[in-house]
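The values are calculated or read from the model by the stated rules, or taken from the named source; none is laboratory data. Source: prediction; values computed, not measured. Here the Cβ is made from the backbone with ideal geometry for all residues, glycine too, and neighbour counts use every protein chain on show. Each accessible area value is taken on the protein alone, full model and side chains, heavy atoms only, with ligands, DNA and RNA left out. Shrake-Rupley method; radii C 1.70, N 1.55, O 1.52, S 1.80 Å.
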Amino acid sequence: MSTSLGTYLTRAGVPGDLSSVLLAVANSSVKVSDQLPFSAALTTNVNPSGERQTEIDIFANDEFAASLLATGSVAEVASEEMSESKKGSGKVHVAMDPLDGSSNISTNNPLGSIFGFYSGALPCSGLLLRGAAYLTYGPMLTLTFSTGAGVARFVAVRGADGSTEFTLLEDKIMIPLKGEVFGLGGPRNDWVEPVEHFVSSMEARGLKLRYGGTFVGDFNQVLGYGGIFGYPSLKKKPKGKLRILYEAAPMAYIMTQSGGYASDGHGDALLIEPTSLADTTPIYLGSPELVSELDSLIRAKDLGS
Ligand code: AFP
């Protein structure tokens, strides 16, 4: 018999406030997924990072923010698409990338959403994460999350009456220790030297290049097959591209909960202390030995060896 998201959360003893935000995310994701094919057009609006927003960026942001605040469990919602948080009267501080990979809309490649559920006011480090989740809008609409007791994945299933329910697909997901795939963002000639050196060895070691340009999609492959995903420190952008609160820390939390490791190149990515909502960091996530090896190369370079 299939297990619904609500039943799972109750059985797993997930606190009521976290359960309500996860259920809100799941319900809203169905609306975002249904709307995706019809709202790809660029608007004249620009987000806080200076990127032009599409209609679906705005739709997803407004839909998730409204449903999260309506739970009454949320203290604030910060979003990659908003310059300021929206405030609520609950206790969960949510940071979200409501539509990850917007530049993939025009090429019809995978898209996702990312959520971090923090216990303290934002900005704060990933040590204050009580949970994290991501959605994939691929052939399947899936919700993958952790509230600190492993990683579970649910899939949206549509009934004959048109209603949608999330049922358990996999529980206690563990990243394979032996890596099969790798993917790194940014222009190769802009990667810092230890990253270039490490990546050059990947194919010789039998790993396959898999890169789609959406963090969620690329991360999801690495979680499934083992390996490493990174958006590195670039020569022209030492702090990389991915935002700590909305992207790097929540995915680092999920990776860690799956037995993997996430680093900024100098140690545990969950320790990074952002000073503003939109701070970015280099990030490397995946099978622990590979990520630790890259860490060592980066540290050795910093020490001048
Ligand atoms: P967009 O939302 O602008 O498409 O950016 C997506 C993203 O933040 C992340 O999802 C990808 O991992 C990364 O950028 C891809 O960046 P590059 O195109 O520089 O490789």
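Quick notes
- Selection status of Asn108, open to solvent by 40 Å² or more (accessible area, probe 1.4 Å), assigned by TED's automatic domain parsing to the domain that holds Thr281 and of a type in the set (S, T, N, Q): no
- Summed over segment 252-295, the residues that are crowded, with 20+ Cβ neighbours inside 10 Å, in a loop (DSSP other than H, G, I, E, B) and either without any contact (Cβ under 8 Å) to a residue 40 or more places away in the chain or touching an Asp or Glu at 6+ places or on another chain (Cβ under 7 Å) (or both) give a count of 5.
- Filter result for Gly120 (surrounded by 17 or more Cβ atoms within 10 Å (Cβ to Cβ) and closer than 25 Å to Asp264 by Cβ): no
- Hits in segment 157-195 (condition: within 16 Å of the ligand (Cβ to nearest atom) and in contact with a Phe, Trp or Tyr (Cβ under 6 Å, 6 or more places away or on another chain)): Val181, Gly183, Gly185
- Just one of the listed residues (Phe154, Phe215, Phe219) is away from the ligand (no atom under 16 Å from the Cβ), modelled with pLDDT of 95 or more and either closer than 30 Å to Ser19 by Cβ or of a type in the set (A, V, I, L, M) (or both), and it is Phe154.
- The requirement of being buried (at least 18 other Cβ atoms within 10 Å of the Cβ), within 16 Å of the ligand (Cβ to nearest atom), within 16 Å of Val25 (Cα to Cα) and in contact (Cβ under 8 Å) with a residue 24 or more places away in the chain is not satisfied by Leu68.
- Lone qualifier among Ala24, Ala60, Ala65 - being modelled with pLDDT of 95 or more, farther than 23 Å from Gly162 by Cβ and in a helix (DSSP H, G or I): Ala65
- Taken over segment 194-222, the criterion of being touching a residue at least 60 places away in the same chain (Cβ under 8 Å), assigned to a helix (DSSP H, G or I) and closer than 27 Å to Ser106 by Cβ is satisfied by Phe215, Val216, Gly217, Phe219, Asn220, Val222.
- Within segment 1-19, tally of residues that are under 19 Å from Ser163 (Cα atoms), out of contact with any Leu (no Cβ under 7 Å at 6 or more places or on another chain) and not in a loop (DSSP other than H, G, I, E, B): 2
- Residue, modelled with the lowest pLDDT, within segment 89-104, restricted to residues that are near the ligand (Cβ under 10 Å from one of its atoms) and open to solvent by less than 30 Å² (accessible area, probe 1.4 Å): Asn104
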